[in-house]
Structure formats: structure tokens, C-alpha cells
Amino acid sequence: MDYIGQLFGTYILAQGDDYFYLIDQHAAMERIMYEKIINEFKKDYKLTYELLIPVNLEFSISEASLINEKLKEIADLGVKIEYFGGGSFILREVPTWVIRGAEKEYVEEMIVNIINNKKLEKYEFLDSLAKKLACKKSIKANEYISSLEVSYLLNDLAKCKQPYTCPHGRPVIVSYSKYEIEKWFKRVM
Ligand code: ZN
Ligand code: ZN
């Protein structure tokens, strides 16, 4: 696919093999992130690494008491936290699938999901977590994307198992054949 440009700050325009493509940049990146996270989960979601500098996490007092009740569930997902009194916890270890530099954000999202979720099967829980994280970490609509980023994105998208929809089921790509376009202009019958 060759990149043509960005439309309304939201869609990537591309062409290839006599087709014209419109790609929703958020949906595309969400699909890529989602599959990456799921693949890591499948390898070993419990594999962890220790943070060189522990991170402070702040919650409300009522959240903190829910968290203290679910420390085992949280630890089972590879997150090692210690209660520090009030609404504070110290984060010491995170799962290896967590993107470096985004530990705090990822772990806060995980913990909020754990304390708000009723009993979910572990796979369902990880799957819904992966969708939320993928959405949060993906480029938004009305955001500029450089042509270099586009080329990475198109490359990664081509490697996805299900490149045509985002993890929530929205379409990623709409395509028109050269023939269809020529019909619009009555160049062909
Ligand atoms: Zn989204
Ligand atoms: Zn989506």
C-alpha cells in the first residue's frame, strides 16, 4: 500500500493493486495494539520484571480498601504492590507485557478494572483489559500522524490476524476498486 495522505485528521488514504483505501487510524492502531497485548498475555501473562524505581500509586480511601481485599487477584496478574497507608500503594513489579514507561498508567487501569469487575473468567478479564488499554494507547481521531508512523502502522496492520475490524468490531478499512471509481466518473460502463 502506498500512502497518499491524511483526511480530516482521522483517515489514512492509501493505494495499491488498483484499489483505493480509507483507513481509520484509531481503529487500525487499536487492532495492532490489541493483538500485541493478547500475544504477550498468551506467552505468559504472569512473567514480571522489577521496577528500578518503585512507583507511587494514589487511590481514594474506599478504592484502597477494595484493593487490599483483592491483593491476591492483583498479584496473580503479575502486579506486585504494597500498601502504604491512606490511599497510597507502592508499585514494585509489573508484568513484562506492560510497555516500558507506561507502567503507572497500565497498572492503574488494571487495578481499577479488577476492583470494578464482578467475577470474570481470567481470559475474559484480560481480553477486556487488552481492549481498553489498546484504545487508550492508540492515536486518536484528529491527531496528526507522520508518513513514517503511517508506514509502520500499515506494516503492522498487514501482520494482524484480523486487520479488517478493531477489537470492538468497528471497520478498519474501506476500499474502492479503480473500476468502481472510474464508474463514478463514467469512464467505464
Ligand atoms: Zn478506541
Ligand atoms: Zn475500537
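The values are calculated or read from the model by the stated rules, or taken from the named source; none is laboratory data. Here the structure is a predicted model, which is why all the values come from computation and not from measurement. In this analysis, Cβ positions are derived from the backbone assuming ideal geometry, glycine residues included, and neighbour counts consider all displayed protein chains. Note: accessible area is taken over every heavy atom of the protein model, side chains too, but ligands, DNA and RNA are not part of it. Shrake-Rupley method; radii C 1.70, N 1.55, O 1.52, S 1.80 Å.
Adding -39500 (n - 2.57) for every DSSP H run of four residues or longer, then dividing by how many residues the chain holds, sets the calculated 222 nm ellipticity at -14000 deg cm²/dmol.
The aspartates and glutamates within cross-link reach of LYS132, meaning a Cα-to-Cα straight distance under 18 Å and a gap of 8 or more places when in the same chain, are ASP24, GLU30, GLU35, GLU40, GLU103, GLU105, GLU108, GLU109, GLU121, GLU124. For the chain, the relative contact order comes to 33 percent (Cα pairs under 8 Å, sequence separation of at least 6).
Solvent-accessible surface of segment 1-120, averaged per residue with a 1.4 angstrom probe and all protein chains in place: 53 square angstrom. Here the dipole of segment 1-46 is about 360 debye; that uses its Cα centre as origin and unit charges on the Cβ of Lys and Arg (positive) and Asp and Glu (negative).
Here the accessible area is traced with a 1.4 Å probe on the protein chains. For segment 71-189, carbon and sulfur cover 56 percent of it. Note on LYS104 and LYS72: their simple-model spin labels are 3.1 nm apart, each label 7 Å out from Cα toward Cβ. For the residue pairs LYS72/LYS140; LYS159/LYS183; LYS140/LYS183; LYS46/LYS137, the alpha carbons lie more than 30 Å apart in LYS72/LYS140; LYS159/LYS183; LYS140/LYS183.
Charging the Cβ of each Asp and Glu at -1 and of each Lys and Arg at +1, and nothing else, the dipole of the chain about its Cα centre rounds to 400 debye. Simple rule: put +1 on each Lys or Arg Cβ and -1 on each Asp or Glu Cβ in the chain, find the dipole, and look at LEU7, MET33, TYR179; the Cα lying farthest toward the positive end is TYR179. Basic side chains Lys and Arg get +1 at the Cβ, acidic Asp and Glu get -1 at the Cβ, and with that the dipole of segment 96-143 about its Cα centre reaches some 40 debye. Counting Lys and Arg as +1 and Asp and Glu as -1 over every other residue whose Cβ lies under 13 Å from the Cβ of ASP156, the net charge comes to +1. Each peptide in 166-175, 49-58 was scored by the mean count of other Cβ atoms within 10 Å over its residues; highest first, the order is 166-175, 49-58.
Other residues lying with their Cβ under 12 Å from the Cβ of PHE20 contribute a combined charge of -4, Lys and Arg counting +1, Asp and Glu -1.
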